[in-house]
C-alpha cells in the first residue's frame, strides 16, 4: 500500500520513548517560538536544538533534504529583500549597478531562520510520529471522536483512491488516451482519469455513512478504546517544560 | 422478534411509495429470506428494520416496526445498533476506514458504544472464533479476499450482539468461494440463535438456509410462506423473481402440485415418492 | 432555501464522511496534475466540491482538515497556517454554490475569480509574515520583484504576486468542479440537502 506520510517507524528514543501528544506539543511550541524569538542567536540556538533532535532520531538526512527544498525560495528572498525592501537605508555593498542594503538582508535572515526552524520542528514531529496514534491521543485528551475519525480515515482513503486512479488510467490508456501532448490534451487526460475516480468515491459516501451509523457512530455514549497506549513516564513534565520555555520566549520578545 | 404492521414509506422529495402497507412477523431464531426484482423496495425494507429509514434518510413513514420489543421509529440510531445489525453488498464500503487491523475494525462499534475494555476483548475473541477470523486478526482489512472482507463486515456488526441480523445482498460482489464462506457464516449464526433476514438473488442458495420466504414486488408484500409453498403459487411466474430450477423441473413433471420442492435434497426425496406412487 | 438556512451548522454523518473524501480528492488531483506535468496545482478541487455539494461549513472543515492533515504528515507548520485560506475559499465557494453558480459555465468561471480574490486577500498577510511577501512561484515572484523595484510597497506587490497565480489556478479548479457537479446524480446531491421526517399514525 502506498504511504501518504513521511513517518517511518524506527527504534529510537524520539520515535518510541516520547508519546505522540508530547511531540505535537513540541511542534506547536516550536511554531510559536519561531515567530517570537527576538534575536538571531536565539533562533540559531533553536535550530541547533532541532537538528540535534533530528540526529538523535536518525532522520537528519531526510530532514535536510526537506529543508533544501525551500532553499531556492530563501535565496530569492535574500535577493529581493536585499535590493528592494522599503525599509532599506544602510548600504551594505555594491555589485556594479546593484545596491544591497543591510535592512533587507537582516529581514531576509529573520524570515529564513523562522522558516527553517518551523520546517525542522515539523520534521521532528512528522517523521517520527504515526498520524493514527496522534489522532488517537488527541481523542483521549478530549478531541471529538468524529474529528479523530475524519483525519484517520484520510490515510485509508488516499491509497484506495490512488489504486483506483491507476486502474482507470490503464483502462483509458488502452482506449487510446495519451499522457503527453500539449497542455490542452494533457488537461483532457487529467479529466479522463480524475473524473471517474471522483464520481465513484462520492457515490460510496452514502454506503460509508450507513456503515458508520449501524456501528453506533452517532451514539452519544462516552467512547472507549480497544488498543491501549500508555504514556511513558515523565512526559507530563516534558510538556510542562515546553510550555514554560515557550511562554518565557514570548515574554522575552515582549520585553525586548 | 420482528413485528411490522402497515409499514408505508416515501423518500423525501418524492411522491412514490417505496413500501406499501407491509405487515409481517418473524419469530426468534428464524431465518427469513426476501426476494424481489430490482427496485422492489428490498433494501429500503432492510433499512427500515435497522432504523436508517426514517432516521438516516428522513421522508414520510407510517405504521410500526418493532424489533426485539423496541419501536424503531421512536429510537435513536445509537440505540438501534444494539438490537439490529446490517450488512450490505460492497464489503470495502462497510469498513469504517479508520482502522488498520481486522480486530480494531471489528472493535470500532464497541468503542463507539463505550463498552469497557475487558468486555470488548471478550466479544472480539468470541466473534472472530465464530466466523473463523482468528488467524486474520492482525491483518489489514483492505488486503483480504472478498469473502474474508464480508465476514469481517458481518463480525463488526455481530460483535455488538444484536438479536437480529439483516443481510442485504451480502454475496452479490463475491465469487462462489466467497459466497460459500458467507453462507457458512450465516449457518453459524443460526446455531447461535440469531434471528436473520437475508435479501439474496441467488434463490437456490437462499432456500437452503431459510425457513420462510417473503416476496416483495413494487413495494408490496406479495407472498410470505415456506419456500415450497411460495414457489408453488400460480402467480410466481409474474413476480419477476427467479424460481429455483428444481421447483421448475418438478412443476413440469407435476403441474398440479401445491408444494413444489425447492432444494436438491427435497427434489430427490419427492422424485422417489413420485416414482413409487406412479409405478403401481 | 434561504442563505441563512444554508449556513445553519449541522454535522450529519454524510457530511462527516464527505470530509476525508474531499481531502483525498485534493491530494489525488494534485498528484495527477503533477504526473501529467500540468502548469497548475489543482489541489483545492475537493475543498471547493465539498463546499458546493455539502454546504459552506463542511467545505470549510474539509479545507481546514486538509491543511492540518498535510501539515501533520508532510510539511509540518507551513501548510497548517494556510488552512485559513482553505477555509475562506470553501466559505465563498459554498455560498456561490448555494446560489447556483456552479450550474452554469460562465458563472462557474466567475466563481473561480471570486474564490481567487478571496484566497489572495487571506494569503497575502501569511505570505508577508512567512516569506517576506513571496509565493515561491516563478511567474508571481517575478512580478513581485518588479513591483518591489518600483517601490510599490510589500503589501500590494505580494497581493498581486499571489492574486495572479490564484486567478489562473482557481478558475481551472472551479471549472473542474463544474464538470463534476454536472455528472452527479440528482439523488446524490439531494442526499446532502436538509430534509424532515414525517411520522403518520
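The values are calculated or read from the model by the stated rules, or taken from the named source; none is laboratory data. A quick note: this is a predicted structure, and the numbers were derived from the prediction, not measured. With ideal geometry, Cβ positions are generated from the backbone for all residues, glycine too; neighbour counts draw on all protein chains shown.
Some points to look at:
- Screening A:186, A:208, A:220, A:167 for residues that are buried (at least 17 other Cβ atoms within 10 Å of the Cβ), more than 30 Å from residue A:36 (Cα to Cα), out of contact with any strand residue (DSSP E or B) (no Cβ under 6 Å at 6 or more places or on another chain) and within 14 Å of chain B (Cβ to nearest Cβ) leaves exactly one candidate, A:208.
- With respect to the conditions (1) part of a loop (DSSP other than H, G, I, E, B); (2) surrounded by 13 or more Cβ atoms within 10 Å (Cβ to Cβ); (3) assigned by TED's automatic domain parsing to the domain that holds residue A:159, residue A:180 falls short on a single one, namely (2).
- Being part of a helix (DSSP H, G or I) and facing another protein chain (nearest Cβ under 8 Å) is a condition met by no residue of region B:125-133.
- When C:6, C:35 are checked against the criterion of being farther than 19 Å from residue B:98 by Cβ, surrounded by fewer than 23 Cβ atoms within 10 Å (Cβ to Cβ), away from every other protein chain (no Cβ under 12 Å) and modelled with pLDDT under 95, a single residue qualifies: C:6.
Matching residues to (1) more than 13 Å from chain C (Cβ to nearest Cβ); (2) in contact with a helix residue (DSSP H, G or I) (Cβ under 7 Å, 6 or more places away or on another chain):
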{"position": "B:12", "(1), (2)": "no, no"}
{"position": "B:18", "(1), (2)": "no, yes"}
{"position": "B:23", "(1), (2)": "yes, no"}
{"position": "B:31", "(1), (2)": "yes, yes"}
{"position": "B:45", "(1), (2)": "yes, no"}
{"position": "B:50", "(1), (2)": "yes, yes"}
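- Where helices (runs of 4 or more DSSP H) sit wholly within region A:21-110, those with at least 1 residues that are more than 24 Å from the chain's Cα centre (by Cα) occupy A:40-56, A:71-84.
- Residue within region B:51-59 that is assigned to a strand (DSSP E or B) and surrounded by fewer than 24 Cβ atoms within 10 Å (Cβ to Cβ) present: yes
- Scanning region C:9-32 for residues that are more than 7 Å from chain A (Cβ to nearest Cβ) and buried (at least 24 other Cβ atoms within 10 Å of the Cβ) returns C:22, C:26.
- Residue-level check: of (1) crowded, with 20+ Cβ neighbours inside 10 Å; (2) more than 8 Å from every other protein chain (Cβ to nearest Cβ); (3) touching a residue at least 60 places away in the same chain (Cβ under 8 Å), residue C:40 misses just (1).
- Entry remark, region C:187-198: residues being under 18 Å from residue A:195 (Cα atoms) and within 9 Å of another protein chain (Cβ to nearest Cβ) number 1 in total.
- When each of B:90, B:111, B:104, B:122 is tested for being under 27 Å from residue A:200 (Cα atoms) and free of Cβ contacts under 8 Å to residues at least 12 places away in the same chain, the lone residue that passes is B:104.
- Comparison of B:146, B:132 shows that the only residue that is surrounded by fewer than 22 Cβ atoms within 10 Å (Cβ to Cβ), without any contact (Cβ under 8 Å) to a residue 60 or more places away in the chain and closer than 17 Å to residue B:189 by Cβ is B:132.
- Within the option set C:180, C:172, being buried (at least 21 other Cβ atoms within 10 Å of the Cβ), at the interface with another protein chain (Cβ under 9 Å from one of its Cβ atoms) and touching a helix residue (DSSP H, G or I) at 6+ places or on another chain (Cβ under 7 Å) holds for one residue only, C:180.
- Among (1) assigned to a helix (DSSP H, G or I); (2) buried (at least 23 other Cβ atoms within 10 Å of the Cβ), the one test that residue C:121 misses: (2)
- Filtering A:159, A:145 for residues that are within 11 Å of chain B (Cβ to nearest Cβ), more than 28 Å from residue B:115 (Cβ to Cβ) and either modelled with pLDDT under 90 or within 25 Å of the chain's Cα centre (by Cα) (or both) leaves a single hit, A:159.
- Condition check for residue B:109: at the interface with chain A (Cβ under 8 Å from one of its Cβ atoms) and in a loop (DSSP other than H, G, I, E, B): no
- Residue A:193 free of Cβ contacts under 8 Å to residues at least 60 places away in the same chain, surrounded by 19 or more Cβ atoms within 10 Å (Cβ to Cβ) and more than 11 Å from chain B (Cβ to nearest Cβ): yes
- On inspection, residue C:45 does not qualify as free of Cβ contacts under 8 Å to residues at least 40 places away in the same chain, buried (at least 24 other Cβ atoms within 10 Å of the Cβ) and touching a helix residue (DSSP H, G or I) at 6+ places or on another chain (Cβ under 8 Å).
- Failed criterion for residue B:86 (all others in (1) surrounded by fewer than 22 Cβ atoms within 10 Å (Cβ to Cβ); (2) closer than 26 Å to residue A:147 by Cα hold): (1)
- Some residue of region C:53-62 being out of contact with any strand residue (DSSP E or B) (no Cβ under 8 Å at 6 or more places or on another chain), without any contact (Cβ under 8 Å) to a residue 40 or more places away in the chain and either more than 8 Å from chain A (Cβ to nearest Cβ) or over 21 Å from residue A:144 (Cβ atoms) (or both): yes
- Number of residues in region C:105-158 that are over 17 Å from the mean Cα position of the chain (by Cα), without any contact (Cβ under 8 Å) to a residue 12 or more places away in the chain and more than 12 Å from chain A (Cβ to nearest Cβ): the value is 2.
- Matching residues, region A:85-129, being over 19 Å from residue A:40 (Cα atoms), within 9 Å of chain C (Cβ to nearest Cβ) and either in contact (Cβ under 8 Å) with a residue 12 or more places away in the chain or crowded, with 17+ Cβ neighbours inside 10 Å (or both): A:85, A:122, A:123, A:124, A:125, A:126, A:129
- Checking each residue in region A:223-251 for being more than 7 Å from chain B (Cβ to nearest Cβ), in contact (Cβ under 8 Å) with a residue 60 or more places away in the chain and either part of a loop (DSSP other than H, G, I, E, B) or touching a strand residue (DSSP E or B) at 6+ places or on another chain (Cβ under 6 Å) (or both) picks out A:229, A:231, A:232.
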